[in-house]
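Just so it is clear, none of the values below were taken in a lab; they were calculated from the coordinates. If you're wondering where the values come from, they're calculated on a predicted model, not measured in any experiment. In this analysis, Cβ positions are derived from the backbone assuming ideal geometry, glycine residues included, and neighbour counts consider all displayed protein chains.
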Protein chains: 2
Amino acid sequence: MRIGELSRRTGVSVPTIKYYVREGLLPAGRLTSPNQASYEESHVRRLRLIRALLDVGGLSVAGVREVIAAVDDPERPVHKMLGTAANLVTPRVEERADDPEGALAAARAAVADLITRRGWRAYPGAPAAEALAVALAALDDVGHGGFAEVLDDYADAAERVARTDLDYVARNVDRGELVESVVIGTVLGDAMFAALRRIAHIDASGRVFGAEADRAAPAS
Amino acid sequence: MRIGELSRRTGVSVPTIKYYVREGLLPAGRLTSPNQASYEESHVRRLRLIRALLDVGGLSVAGVREVIAAVDDPERPVHKMLGTAANLVTPRVEERADDPEGALAAARAAVADLITRRGWRAYPGAPAAEALAVALAALDDVGHGGFAEVLDDYADAAERVARTDLDYVARNVDRGELVESVVIGTVLGDAMFAALRRIAHIDASGRVFGAEADRAAPAS
């Protein structure tokens, strides 16, 4: 197909497509005349991946280049390709300049314990493990260090969701779409879960505090 | 205490404290002389709440004013106060100008069904319910409408986490700190869960795709 049709099919403008080719994110089309190139279905798929990484995953162009290098490396096994994609859509955690109370060091140790205790095939230095440690340290900073005790309840729930995600991927996703699906599923799955947790909070809060509220404000 | 001590105790600068007083977020201190005011422990707590709402919750000053009005309303029952706080830290979803394929309408219907099916005391128009519908519609847009079928697995996990959260609140949180704790716990709990889901993905992906990877790249 010509570049105009590629643009229509993907909703990406012609100048933007040319920019992605210049940046090395998208392979150039096959030249059919000095001024005209022809594009394939593989270009449609690649553009969808680039847009998902930029728009849904919030990656930079440099981050997209890194993911695509992983996708294009024929030597890279699938699970390493997935790991690269997952690491890249893990929100960057705020750097802590210092750790005067040792809260971050303690949180890192708690995360390493958790990974060992659950027999997870993950390494404590992974971006997600560091993000977890930073969240735990922030809870400690505001006087809720005790929340670390419920970590296993959260881990049970996360395992359940991760199993669901992988089952879905195994049943529904072609190899060629794996990375795209992982990126989209990771980011939109976060949004889904956060929304569901809030709805479940409304329900649980109504059950715990609702009766009291009815007593306090019977007319409402 | 004087304003200087209030500043030291909370890490909020004196000009910023004065700004919050002018904006109506923080009650003025009690005047002890024409140029000096005295502040109480309630000011320390209120400043911690304001900072949590601004920094951790990412609220605007107008949003903080809304939460504080809810906290200060003696007529407002606890669970409505919590609902206000939770709604305010629900990420604003991108507005969709149109819905040509009807994906958003279908997603809203799926969310309403879910709430009914689970007997949740929540209303379909809540911000969290709309955020869920938008995430489902976005999945449909990229060809993963089938992911809606795993909604109940996610809902089971969210219910478990919400129960854990409410248990923690009931055991550990004073009434005066409820809203602060809900805001902090909602936002940091999202971060914790997202990180755990990624770690669990790494584990699950290693189990599903790892063996194949070992065959493909035995030397790595």
Can you give the charge dipole size of the protein assembly as shown about its Cα centre, rounded to the nearest 20 debye, using +1 on the beta carbon of Lys and Arg and -1 on the beta carbon of Asp and Glu?
620
Exam field: A:Asp167 pseudo-label spacings to other copies (7 Å along Cα-Cβ), nanometres:
2.3
Dipole of region B:1-88 [Lys/Arg +1, Asp/Glu -1 at C-beta], most positive-end residue of B:Gly29, B:Leu59, B:Ala86:
B:Gly29
I'd like the mean, over residues of A:162-173, of how many other protein chain beta carbons sit within 10 Å of each residue's own Cβ.
6
Can you give the relative contact order of region B:1-154 as a percent, counting alpha carbon pairs under 8 Å and 6+ residues apart?
15
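Given Cβ point charges of +1 (Lys, Arg) and -1 (Asp, Glu) and nothing else, what value in debye, to the nearest 20, does the dipole of region A:1-150 about its Cα centre take?
1100
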Sort the following peptides by mean Cβ neighbour count (other Cβ atoms within 10 Å, averaged over residues), highest first: B:154-161, B:74-81.
B:154-161, B:74-81
Given Cα pairs under 8 Å that are at least 6 residues apart, what percent is the relative contact order of region B:1-76?
28
Take every Cα-Cα distance within region B:1-76, group them into 10 Å bins from 0 onward, and report for each bin the whole-number percent of pairs it holds.
18, 53, 25, 4
Dividing the helical contributions, -39500 (n - 2.57) per DSSP H run of n ≥ 4, by the residues of chain B yields a 222 nm value, nearest 500 deg cm²/dmol, of -21500 deg cm²/dmol
Measuring from a point 7 Å out along Cα→Cβ, what nm distances, shortest first, does A:Arg207 have to its partners in the other copies?
2.8
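Computed FRET efficiency, Cβ-Cβ of B:Ala105 and A:Ala69, R0 41 Å: what is it to the nearest 0.05? Kindly include the intermediate steps, with their values, before the conclusion.
On the way: r = 40 Å, r/R0 = 0.97.
Approximately 0.55, to the nearest 0.05.
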Förster-model FRET efficiency, 56 Å R0, A:Glu23 and B:Arg9, C-beta, rounded to 0.05:
0.65
Please give the direction-averaged projected area of the C-alpha convex hull for chain A, in square nanometres with one decimal.
18.2
In Å, the Kirkwood estimate of hydrodynamic radius for region B:73-193 over Cα pairs equals 15.9
What do you get for the angle between helix A:41-51 and the principal long axis of chain A? Use alpha-carbon atoms, 0 to 90 degrees, nearest ten.
40
Nearest-first distances (nm) between copies at A:Ser33, label 7 Å from Cα via Cβ:
9.0
Using a Förster radius of 51 Å, what is the FRET efficiency between B:Asp153 and A:Thr32 based on their Cβ-Cβ separation? Nearest 0.05, please.
0.55
Taking each residue in A:126-134, count the Cβ atoms of any other chain within 10 Å of its Cβ, then average. What number comes out?
5
Would you please classify the overall shape of the protein assembly as shown from the alpha carbon gyration tensor, given that a ≥ b ≥ c denote the square roots of the eigenvalues, rounded means a/c under 1.5, and beyond that prolate means a/b larger than b/c while oblate covers the rest?
prolate
Looking along the axis that carries chain B onto chain A, the residue of B whose Cβ comes nearest, with distance in whole Å, is B:Ala157, 2
Taking the Cα centre of region A:139-210 as origin, work out the dipole magnitude from +1 charges on Lys and Arg Cβ and -1 charges on Asp and Glu Cβ, in debye rounded to 20.
320
